[in-house]
Amino acid sequence: MNEKALEIKNLKKEYGKNVAVNGISFDIKQGDFFGFLGPNGAGKTTTIKCITGIANFQGGAIKVFGIDVVKEYRDARKKIGLAPQEFNVDIFAKAKDIVWYMAGYYGIPTKERQAAVDKVLAKFEMTEHADKAFQELSGGLKRRVILARAMVHDPDLLILDEPTAGVDVELRRDLWRYLQEMNKAGKTILLTSHYLEEVSHLCNKIGIINDGKIAAIGELSDFVKDGKTLEDRYLEITAKENKK
Amino acid sequence: MNFIGLSTFVSREIGRMFRVWVQTLVTPWISALLYIFVFGEIVGSRIGDFAGVSYIDFVLPGLVMMNIIGSSFAHASSSVYFMKWIRSIDEILVAPLSYLEMILGFVIGGIVRGLVVGIGVYIVALLFTAATIDHLALFLLYSMSIAAVFSLLGMLVGLWAKSFEQLSLLNTFIIMPLTFLGGVFNSIHMLPEVMQKFTLINPFFYFVDGLRFAMIGIRESNVMGGAILIAVLVFGLGTLVWYLFKIGYRIKD
């Protein structure tokens, strides 16, 4: 069994002359809850897009559970669930259909699919809103649909890009609890968030990206020590990097 | 092959067609009804026999073909373009679907819409004439393969277009003129010699002529030649679309 859930080696991604990700390398072990931090435009979302197949990249390699995301992209994608920052859905589709279709794309047979969709919608308290079109939902409910869609196929690696942006405290706490349950059950989670309190609460490992490069990586305890919070350390590291 | 994934994608595409059924189905049927009524019934009744059949029977295969072409093209181009625009294309990019399965999803959606609209036009025509289909298997084969050609072409335009205006360019300047000049309303022998030569290099002429042969048994070209042309187009366009999906042309960052 491959111990690494995610291996990124020398990943390079350019948009024209702009280097968005500049040769980064890091691993996430199976069962890790990895907080991927960085200022806006640092390269977090671009890295996620490269992992999940939404973006091509110019250099390096990415493996998910030992599977190359380019050469064996179909097998690699079976392992991943993505909740992106943006609402990238058919806004006219019903909430339940959005989740249903995604379960189908992942090859879940019809009989099992209904149960999987019902379960994940119930988990996010979306059952009563299941027949509403996505565009009719509030911001928080939309976020729940995106999360349900990411989890319906029970992925081994869950990638959450700003999952709690714009959601109320209740959902945030429910989501935290749910993610912790998943992580305890052995799922690997990569989380990006600007809420460092959230990251401190959930993650056991932290990576900070700044200006397309990994500025720091380690256990949460490496960052939170000597009376300093994660936020203190984060500000120190990014400020130091920006001075370079 | 991820058959469940593919069938899910196809059902999503078909669901999208029925979600806006007035626009996707009723509009072309009403348009065809008017064409058949004006050109077939009013004008056609004064023409009398035309190439051995009534004018309405001569025109009908061309009208069916026009609608199959228009519907399959519109389906694939709008689907790809809108998925790009609202980024819901990411849903299939992150899923374990091969590029071939993604393309098949769009193409099968386009074929289904083309057939539903085309057969609907045929049923509308039954109000005015006892329209026949002499060779049903050939009719279906021709209809489906031409719908596949225009679904692939629609996908290319959907991938390429960066605006709604660009989305309609090919239809306005290429597809519509070549369809009308491809013998929908007239026999090639009615045209001046220069135009006849032009028609013979117009691929749409072979599409219309092949379907006319399948429906009423009249042909002005070699049906096998038309079939080979369609096969070459399906293969050529399919390969190009597959390559563009593989490199992520305008769908991947």
Quick one: net charge around B:Gln23, please, counting Lys, Arg +1 and Asp, Glu -1 for every other residue with C-beta under 13 Å from its C-beta.
+3
Under a no-solvent Debye model with one identical scatterer per Cα of the protein assembly as shown, what's log10 I(q)/I(0) at q = 0.10, 0.12 Å⁻¹?
-0.81, -1.02
Applied in sequence order to the range B:202-217, the curve 6.51 cos²θ - 1.76 cosθ + 1.60 (Karplus, θ = phi - 60°) yields integer Hz couplings, x standing for Gly and Pro, of 8, x, 5, 4, 6, 5, 5, 5, x, 6, 5, 5, 5, 8, 10, x
Checking buried surface per residue: for the range B:4-20, which residues lose a minimum of 40 Å² accessible area in the protein assembly relative to the chain alone (1.4 Å probe)?
B:Ile4, B:Thr8, B:Arg12, B:Arg19
Run lengths n ≥ 4 of DSSP H only: what is the helix-derived mean residue ellipticity at 222 nm for the protein assembly as shown, with -39500 (n - 2.57) per run over all residues, to the nearest 500?
-17000 deg cm²/dmol
The rounded separation in angstrom of the Cα centers of the range B:32-69 and the range A:93-141 is 47
Semi-axes of chain A's equivalent ellipsoid from the Cα gyration tensor, sqrt of 5 times each eigenvalue, largest first, rounded to whole Å?
29, 21, 17
Under 5 Å between amide hydrogens, which residues at least 5 positions from A:Ile159 or on another chain qualify, with H placed 1.01 Å from N in the peptide plane?
A:Gly81, A:Leu82, A:Ala83, A:Leu190
For the range B:166-218, with all protein chains present and a 1.4 Å probe, just round the carbon and sulfur fraction of the accessible area to a whole percent.
74
Interface B-A: total buried accessible area (1.4 Å probe, Å², nearest 100) of 2600
Which value, in debye to the nearest 20, gives the size of the charge dipole of the range B:3-247 about its Cα centre, when Lys and Arg are +1 and Asp and Glu are -1 at the Cβ?
520
So what are the ³J(HN,Hα) numbers for the range A:61-77, from phi and the Karplus equation (6.51, -1.76, 1.60; θ = phi - 60°), rounded to whole Hz, Gly and Pro as x?
9, 10, 10, 10, 6, x, 9, 5, 6, 9, 5, 10, 4, 5, 5, 5, 5
At least 50 Å² accessible surface lost relative to isolated chain, residues of the range A:95-121 (1.4 Å probe)
A:Tyr101, A:Tyr105
Starting from the 7 Å offset along Cα-to-Cβ, what nm value, one decimal, do you get for the label separation of B:Arg19 and A:Glu136?
1.3
Mean separation of Cα contacts under 8 Å (at least 6 apart) over the residue count of the range A:1-109, i.e. the relative contact order in percent, is 26
Å³ per residue of the Cα convex hull, for the range B:3-247?
126
What is the set of long-range amide H partners of A:Leu37 at a cut-off below 5 Å, with H atoms built 1.01 Å from backbone N?
A:Gly207, A:Ile208, A:Ile209
Within the range B:236-253, the residues whose backbone N lies under 14 Å from a label point placed 7 Å from the Cα of A:Gln58 along the Cα-to-Cβ direction are none
Under Karplus coefficients 6.51, -1.76 and 1.60, residue-wise ³J(HN,Hα) of the range A:119-130 in Hz, glycine/proline x:
5, 6, 5, 5, 4, 9, 6, 10, 4, 6, 9, 4
Around A:Ile24, which amide H atoms from residues at least 5 apart in sequence, or from another chain, sit under 5 Å from its own amide H, with H modelled in the peptide plane?
A:Leu11
Among B:Asn186, A:Asn210, B:Ile251, flag the residue with its Cα farthest along the positive direction of the charge dipole of the protein assembly as shown, charges on Cβ as +1 for Lys/Arg and -1 for Asp/Glu.
A:Asn210
Distance check, please: which entries in A:Lys49/B:Lys162; A:Lys13/A:Lys123; A:Lys63/A:Lys184 exceed 27 angstrom between their Cα atoms?
A:Lys13/A:Lys123
Can you give me the angle between helix B:55-85 and the longest principal axis of chain B, using Cα atoms only, in degrees from 0 to 90, rounded to the nearest 10?
10
By how many degrees, 0 to 90 and rounded to 10, does the Cα axis of helix A:169-184 deviate from the longest principal axis of chain A?
80
Measure nothing fancy, just the Cα-based angle from helix A:95-105's long axis to the longest principal axis of chain A, in degrees from 0 to 90, nearest 10.
70
Using the alpha carbons of the range B:181-251, what is the convex hull volume per residue in cubic angstrom, as a whole number?
117
Mind giving me the FRET efficiency for B:Thr132 and B:Arg87? R0 is 56 Å, r the Cβ-Cβ distance, nearest 0.05 is fine.
0.75
If packing is taken as the average count of other Cβ atoms within 10 Å, what order do A:61-70, B:165-174 fall into, highest mean first?
A:61-70, B:165-174
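The values are calculated or read from the model by the stated rules, or taken from the named source; none is laboratory data. Just so we're clear, the structure is a prediction, and the values are computed from it rather than from any experiment. Note that we place each Cβ from the backbone using ideal geometry, even for glycine, and neighbour counts take in every protein chain shown. SASA here: full protein model, heavy atoms, side chains in, ligands and nucleic acids out. Shrake-Rupley method; radii C 1.70, N 1.55, O 1.52, S 1.80 Å.
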